[in-house]
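What follows is one structure encoded as C-alpha cells, with my remarks underneath.
Just so it is clear, none of the values below were taken in a lab; they were calculated from the coordinates. Treat the numbers as computed from the prediction; the structure is a model and nothing was measured. Every residue, glycine as well, gets a Cβ built from its backbone with ideal geometry; the counts of neighbours run over all protein chains shown.
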Amino acid sequence: MSLRADIEVRRDEFALGAELTVAPGRVLAVLGPNGAGKSTLLSALSGLLTPDRGRIELGGHVWLDTERRVRVPTHRRGVGLLAQNALLFPYLTALENVAFGPRASGLGKAEARRTAAHWLSEVDAAELADRKPGQLSGGQAQRVALARALAADPKLLLLDEPLAALDIDAAPAMRGLLHRVLRRQQRPTVLVTHDVLDAVVLADELVVLLDGRIVEAGPTRQVLSRPREAFTARIAGLNLLPGVAADGGLELVGGTTASVAMEPGSGAAGGAEGQDGAAVALHGRVAEPLEAGEPAAAVFAPSAVAVHRDRPHGSPRNTIPVRLTGLEPRGDVVRVRGAVRDCPLAADVTPAAVADLSLVPGDEVWFVVKAAEVAIHPVSGGSSGA
Ligand SMILES: Nc1ncnc2c1ncn2[C@@H]1O[C@H](COP(=O)(O)OP(=O)(O)OP(=O)(O)O)[C@@H](O)[C@H]1O
C-alpha cells in the first residue's frame with residue numbers, strides 16, 4: 001500500500017508545498033535545515049494538522065481530500081510515530097506500554113501481551129519487559145518506543161528524528177536496529193532527520209526540503225552524489241564508498257575489481273590488497289555484522305583524509321588510489337576531489353599541503369585514512385543500486 005501525498009500548507013510567513021510517493025516497504029528520508037517544514041509535513045501526514053489544500057492517500061484509502069472535504073482524523077489513520085523522545089507512559093512497564101496499542105485496537109489482554117512480547121523481542125528488548133521507563137536508558141527507551149509503534153501494526157510509519165536525542169554510543173546501535181527492522185516490513189516509512197548518515201543507512205529515497213519546497217528528490221545515493229543545491233552538497237560532504245559485502249570485504253558498486261575489505265567487529269587490519277593495485281583494502285568500524293552480498297558502504301569525512309604522492313608503506317592506515325578531479329577552496333582548507341573507480345571522494349587539506357604536493361587535476365595520488373575514522377554500515381538495498 002503506497003503513500004501518496006500532495007499538500008499545501010499556508011501560514012503567516014511560511015508556505016509548504018510538497019508532493020511525494022512512498023512505495024510499500026520503502027523508506028523516504030526528508031532532510032532539510034531548521035524551519036524548512038519537515039515537522040509541518042509530518043503533522044499533515046499524521047493528521048495533526050489539516051493542509052489548506054491537498055490529498056493524502058494510503059493504498060486506496062483517502063485520508064485527506066480538501067476538494068471533497070474528506071479528512072480522516074489521526075486516530076483513524078493507523079499511523080505509527082517514533083519521535084525524538086520515547087514518550088512512554090511512565091507508570092506502565094515496557095511490556096504494558098507496548099501492549100497499549102494492540103489493547104486499544106480491541107485485542108484481549110493475553111493476546112495484546114503476547115503481541116507486545118513479540119515486538120519487544122524484535123527490537124532486542126525482551127529482557128526489559130518488566131521495567132518502568134524510569135529504569136531505562138535513552139537507547140533502551142527508544143527501542144521500547146519502536147516496539148510500541150510497530151505493535152499497533154500501523155499502515156504508515158513516521159520517524160521524527162528518532163536518533164537525535166541519543167548519545168554517541170546509543171545512536172549507532174539504534175540506527176542498526178532500525179535498519180534491520182525497516183528492511184523487514186511492508187509498510188511505507190517517512191523519516192525526518194538532520195543527519196545524512198541516517199538517510200544513507202536507512203532510506204531508499206531522499207527528498208530535500210528547503211523553505212517549504214522539495215528541491216531534490218530521488219534515490220538516496222543519487223541525490224547525495226549529484227547534489228544540485230548548496231544545502232545538499234554541504235550535508236552530502238561525507239565520503240561514501242558503496243558496495244556489497246563479500247568474503248569479509250566490500251565490492252564497490254560499478255567498480256570491476258576494486259574491493260573494500262573489513263574485519264567485522266574489530267576494525268583491525270587484515271584485508272586483502274590487490275597485487276596489481278587493482279584492489280583496495282579499506283578497514284573500518286563495523287556497526288553491526290554484515291552478511292556476504294548485503295549492500296554496505298564505507299563512510300568517512302573529508303577532514304579525516306590525508307593526501308600523499310607516494311603510498312605510505314608499513315602504515316596501518318587505509319590507502320586508496322585516487323585520480324584527482326578538482327581542487328576548490330573552502331574556508332581554511334582546500335577540498336581535494338578525486339575518484340576511485342567511479343566513486344567520488346574528497347579530502348580537506350591545508351593550502352600549504354596542496355602547494356607542497358603540487359597537486360593538479362589528473363594526478364594519481366593516495367588518499368590515506370585511519371580505520372578508526374571509517375564507519376562501515378549496511379545500507380538500504382534501494383540506495384545502493386543508484
Ligand atoms: N503554529 C505555527 N504557526 C505559524 N508558523 C509556524 C507554526 N509552526 C511552525 N511554523 C513555521 O513554519 C515553518 C516550518 O516549521 P517546521 O517546524 O515544519 O520546520 P522543520 O523543518 O521541522 O524545522 P526544525 O528542523 O527546526 O524542526 C517555520 O518557519 C516555522 O516558524
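Over all projection directions, the Cα-based convex hull of the chain averages an area of 21.1 nm².
If the only charges are +1 at each Lys and Arg Cβ and -1 at each Asp and Glu Cβ, what is the size of the charge dipole of region 16-118 around the Cα centre, to the nearest 20 debye?
Details: 13 positive and 7 negative charges, 47 e Å.
The dipole of region 16-118 has a size of about 220 debye.
Under 29 Å of direct C-alpha separation, and excluding same-chain neighbours fewer than eight residues apart, Lys155 reaches these lysines: Lys38, Lys109, Lys132. Spatial offset of region 2-16 relative to region 144-217 amounts to 21 Å, using the alpha carbon center of each.
For region 3-225, DSSP calls about 60 percent of its internal beta bridges antiparallel. Please state the shape class of region 100-209: rounded when a/c is under 1.5, otherwise prolate if a/b exceeds b/c and oblate if not, all from the C-alpha gyration tensor. Note, shape of region 100-209 comes out oblate. For the chain, the share of DSSP beta bridges that are antiparallel, to the nearest 5, is 75%.
What ranking do Thr66, Thr40, Thr189, Thr93 get, fewest neighbouring Cβ atoms within 10 angstrom at the top?
Working: Thr66 16, Thr40 22, Thr189 26, Thr93 19.
With the sparsest Cβ surroundings first, the list reads Thr66, Thr93, Thr40, Thr189.
Its Cα centre serving as origin, the chain has a Cβ charge dipole (Lys and Arg +1, Asp and Glu -1) of approximately 1260 debye. If one computes the Cα centroid of region 73-88 and of region 293-370, what distance in Å separates the two points? Centre-to-centre (Cα) distance: 44 Å. Evaluated at q = 0.11, 0.12, 0.15 Å⁻¹, the base-10 log of the normalised Debye intensity for region 8-128, with identical point scatterers placed on the Cα atoms, takes the values -0.52, -0.61, -0.88. Footprinting exposure proxy ranking of His313, His75, His377, His118, fewest other C-beta atoms within 10 angstrom first, gives His313, His75, His118, His377.
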